[in-house]
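Notes for the one structure printed next.
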Amino acid sequence: MTVETRFGRYGGRYVPETLVPALDELTIAWEEAREDAAFQAELARLLADYAGRPTPLYHADRLSAAVGATVLLKREDLCHTGAHKINNALGQALLARRMGKHRVIAETGAGQHGVATATACALLGLDCVVYMGAEDVVRQELNVVRMRLLGAEVRTVKSGSCTLKDAMNEALRDWVANVRGTHYLIGSTAGPAPFPVLVRDLQAVIGREARTQVLERFGRLPSEIVACVGGGSNAMGIFHAFRDDPVRLTGVEAAGEGLDSGRHGAPLNRGSTGVLHGSFSYLLQDAWGQVTEAHSVSAGLDYPGVGPEHALLKDSGRATYVGATDSEALAAFRRLAELEGIIPALESAHAIAYVLRGGEGGAGFASDDLILVNLSGRGDKDVHIAADLLAKEGVR
Amino acid sequence: MTPDGMRPGGTTSDGVRPRQQSDGQNVTGGQTSVGARLSTVFDRARAEGRRVLMPYITGGFPSPEDCTRLIASFLDAGADIVELGVPYSDPVADGPVVQASAQRALAQGVTTDDVLRLAAAHRDRAPFVLLAYVNTVLAYGPERFFACCAASGVAGVVVPDLPADEADPLIAVAAQAGVAVILLAAPPSTDARLELIAGKARGFIYCVAVTGVTGMRARSGDELPELVARLRARTTLPLVAGFGIGTPSQAREAGRLCDGVIIGSALIDMVAKSPTVDAACATTAGLVRATRAALGG
Ligand SMILES: Cc1ncc(COP(=O)(O)O)c(C=O)c1O
C-alpha cells in the first residue's frame, strides 16, 4: 500500500530539494517495512518485552464519580520512558537501521521524544543527537540529564523562541547537511510526508489495543475519545482505530492563558492555514506569514503548528478541537493525582481538564457515557513546574 | 485581527501594487515572457564572455535605508542581478548568518512589501530575484504576490522550500504575471528528479553547490561538477551556483562550470560586522568587485 502524501488539501512536502530524495527513500522503506512480517514481528517483540505493551486500560472510578460518567484511561504513562513517544521511536529506529543509517537526529520539546529516541538508539547501537530549545532545556532539565545518560548528545537551540519549533528548524538544517547517513526521527504526526503517516501508523497501536480492551470489558464502543494535541501523535494514535466508528473524537489544544489571549498553542482553534515544517496545515502566523510564538505551560504542546491529518479531521468535522488553559491543566494535574494516585504529564493533563470540566462547553456528560482518555505520559518531568505555579496561584 | 494598512500589498507606495498596464515586458501575462528579462542578462553575459554575478542580501537588512544603499553599491560594483531575501521567521535552508540577518530585519518590522519596495527603487538598473519561503508567498496570496513582483521589477522568485513536485500551482500563477519560479537542484537530487526540475524550470536553475544550508565554508563546490554535468545533459537553461560560495576564488571555480554565481552569507557577514553603513558599502563593494573580476568583465 502506498503512503499518502496528502490529507485532502493538507500535508505535502515543502522542504528544500536536498531532502526530497531522502523523503522518497523513507517513503519506500516504510511501504516495504509495514508489509514485512519480520519487521513487524521485531517491532511487536520490542513493544511487548521492552516498552511494556499492551498498556492497561484503567477504569478510573473516583474520576468517573467526580464527572458523572465512566472514564477510562489508556495508560501510555506506563510505557517505558514514560510516554507514548517510545512507540514511534522504536519503530523509526528499527527503520533507520534497516535503511543502513547509523546516525539519528531528533527534536524535542518536553524531552519525552528526545528520551524515547535516545533510548531506542542506545538499544539499537545508533548515534543520537537531540535538538532542544534553550527554554525547554531549562524547564525539562530532568529529561536533559536522562538523554545524556543514555548516550545522546543534546544540542541547545538558541534561535527564535528557543522552543520546539526552533528545535525542529535546527534538526531540519542538520538533516539537510547530513542527509545521506542520517535519519531524522520526527516525534509527532507533523513534518513533510511521509512523517505524518509513518508516525500515525506507529502510534496507531494505542487505539488498536484500546478498542479491543473497551469492547472486551464493556461490550460496546466508547462514546467519546479525548486526547491532547501538540503535533498530534498521541491523538492520531488513539483516534485512528476508531475512525470509522460512531465515536466522538475530541482533541484538546493548549489554550495557554486563554484562547483569546494571544498566548496559546491552539492552531486548530485560533490559527490559519499555511506551511510550517514541511506540511500544509493550520498554524499560528501573522498576516505576512511569519510564524508566531506559541505559549503553553506544557513544553510538549508549546508548538505553533499541528499535523496535517488533524487539519482534515477538523475541516471535515470528524473530530472536534477544543482548548484547555494552563491553569485548567495545572488543576487537572493536581486533581488526577489526588483522585487516582496518578501524576499525569502536563500535556496529558489538558485532556483530563476537558473531562473534569464536563466536556464540550462544560455541558456535563450523560451517566451512560463511556469516555476514553489517552493518558499520554507521566508527570515526573513536570513536578517542579507544577510546584512553582501552584505556589504562585496560592494553592497550598 | 490585522490592523488596516498592515495587510500585504494594501497600502504600499510606488511599484509594489500591481499596475494594470505598466511594464510591458513583464506584465503581459503570457508564458513566452516568463524569465525573458533574466535570459537577456544571461545572453548578454555569454556574448561578452563573462559569468552573471548575483549578490544576495536579506531585504531590509541591516535596516531598510541602509539596504537600499547596499543594493546601489552592489550594482555600482558590477552586479548583474540582485537577489533579495524576504526575511522569514523559520528559514530552514539558511545557516546562522542569514538567519540572524532575517531576525534583525523582522525585529525592525520589515515586511514583504518593504522588500518589494527595495526592488522597485532600483528596478531600472537591473532585474531582481526574490528569495521567499513558501509560507510568505501563501500568506500574501500567490496571485497578488506575483503581480506585485512583476510591478516591482522582480523577474524571478526562488522558493527554497518548494520542491518541483509541489511547485505547479505557484508556477502557473507566477507565469500569469510573467514571473519565473526559480527551481533548485541539489547534489542528492536523483537523475529522475533533475529531469522533473529541468522540465518545469524557467529563467535559470539554482544549483545548490553543497549538501547543506547557506553559509561560508572553507571548501565548497566539491559536489558541484557532477551536479552541473547531470543538469547540462537535461537543460539548456542557465545554471547558477549558490550556497557556500564566499570568495572570488570559490566564485571563479563555480564560474568555470556555471553561467552565474550567487554570493550571500559572505556579504551579509561583512555588513553585520561593519561599524557603519559606509564601511559596509565599502567592504561589500570590494568583494563584489573582486568577484566580478574573477567571473570576467
Ligand atoms: C506526554 C506527552 N503527551 C503529548 C505530547 C504532545 O505531542 P503529540 O501531540 O504528538 O502527542 C508530548 C510531547 O512532548 C508528550 O510528552
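The values are calculated or read from the model by the stated rules, or taken from the named source; none is laboratory data. Every value quoted in this text rests on a predicted model; they were computed, and no experiment measured them. Cβ: placed from backbone, ideal geometry, glycine included. Neighbour counts: every protein chain shown. SASA here: full protein model, heavy atoms, side chains in, ligands and nucleic acids out. Shrake-Rupley method; radii C 1.70, N 1.55, O 1.52, S 1.80 Å.
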Breaking point among (1) touching a strand residue (DSSP E or B) at 6+ places or on another chain (Cβ under 8 Å); (2) under 14 Å from residue B:187 (Cβ atoms); (3) part of a helix (DSSP H, G or I), for residue B:229: (1)
Of all residues in the range A:282-296, count the ones that are more than 13 Å from the ligand (Cβ to nearest atom), of a type outside the set (Phe, Trp, Tyr) and touching a residue at least 12 places away in the same chain (Cβ under 8 Å). 8
Are there any strands (runs of 3 or more DSSP E) wholly within the range A:234-318 with 2 or more residues that are under 17 Å from residue A:351 (Cβ atoms), and if so which? A:248-256
So which residues in the range A:202-224 are in a helix (DSSP H, G or I) and within 13 Å of the chain's Cα centre (by Cα)? A:202, A:203, A:206
Scan the range A:285-313 residue by residue and report those that are within 11 Å of chain B (Cβ to nearest Cβ) and open to solvent by less than 10 Å² (accessible area, probe 1.4 Å). A:289, A:304, A:305
Between A:375, A:389, A:356, A:330, which is under 27 Å from residue A:133 (Cβ atoms), in contact (Cβ under 8 Å) with a residue 40 or more places away in the chain and away from the ligand (no atom under 16 Å from the Cβ)? A:389
Taking the condition acidic (Asp, Glu) and within 12 Å of the ligand (Cβ to nearest atom), does residue A:253 pass? yes
What single numbered condition from (1) more than 15 Å from the ligand (Cβ to nearest atom); (2) on the phi < 0 side of the Ramachandran plot fails to hold for residue A:362? (2)
Can you give me the number of residues within the range B:62-116 that are in a helix (DSSP H, G or I), within 14 Å of chain A (Cβ to nearest Cβ) and touching an Asp or Glu at 6+ places or on another chain (Cβ under 8 Å)? 2
Where residue B:217 falls short, out of the listed (1) open to solvent by 30 Å² or more (accessible area, probe 1.4 Å); (2) closer than 28 Å to residue B:100 by Cα; (3) part of a helix (DSSP H, G or I): (3)
Of residues in the range A:76-120 being more than 11 Å from the ligand (Cβ to nearest atom) and part of a loop (DSSP other than H, G, I, E, B), the one farthest from the other protein chains (Cβ to nearest Cβ): A:102
Residue A:333: surrounded by 14 or more Cβ atoms within 10 Å (Cβ to Cβ), of a type outside the set (A, V, I, L, M) and not in a helix (DSSP H, G or I), yes or no? no
Where residue B:173 falls short, out of the listed (1) within 10 Å of another protein chain (Cβ to nearest Cβ); (2) surrounded by fewer than 20 Cβ atoms within 10 Å (Cβ to Cβ); (3) of a type in the set (Val, Ile, Thr): (1)
Do any residues in the range A:88-108 that are over 23 Å from residue A:164 (Cβ atoms) and without any contact (Cβ under 8 Å) to a residue 40 or more places away in the chain have Cβ atoms under 6 Å from those of residues that are open to solvent by 10 Å² or more (accessible area, probe 1.4 Å) and outside any strand (DSSP E or B), where the two are at least six apart or on different chains, and which pairs are they? A:97/A:124
What is the one condition in (1) over 19 Å from the mean Cα position of the chain (by Cα); (2) crowded, with 24+ Cβ neighbours inside 10 Å; (3) within 16 Å of the ligand (Cβ to nearest atom) that residue A:141 does not satisfy? (2)
